[in-house]
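Data block below; observations after.
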Amino acid sequence: MVLLQLPITARGIAILTANVIGLALVVWAIWLTLGPGIAVLLAVLLVAQVTALAAAFRRTKDE
């Protein structure tokens, strides 16, 4: 992902965390209204963002 190549700052981690939380709420809302079909596709994006967030935390610990 492009986000993994950006310099990691506290603000960047905060933005990425907010994106993960926001997408999780969107997946939950779509699951409740439209069912699991579309929500599963968005859940894949959520997993990708969580992976990027975990990588960002690992990079900040290494630096």
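Here, each number is a calculation from the coordinates, and none is a lab measurement. Treat the numbers as computed from the prediction; the structure is a model and nothing was measured. Every residue, glycine among them, receives a Cβ derived from its backbone with ideal geometry; neighbour counts consider all protein chains shown.
Restricting to region 22-63, count the residues that are closer than 22 Å to Gly12 by Cα and not in a helix (DSSP H, G or I). Residues meeting the conditions: 1.
Filtering region 22-35 to residues that are surrounded by fewer than 16 Cβ atoms within 10 Å (Cβ to Cβ) and under 9 Å from Leu46 (Cα atoms) leaves only Ala24.
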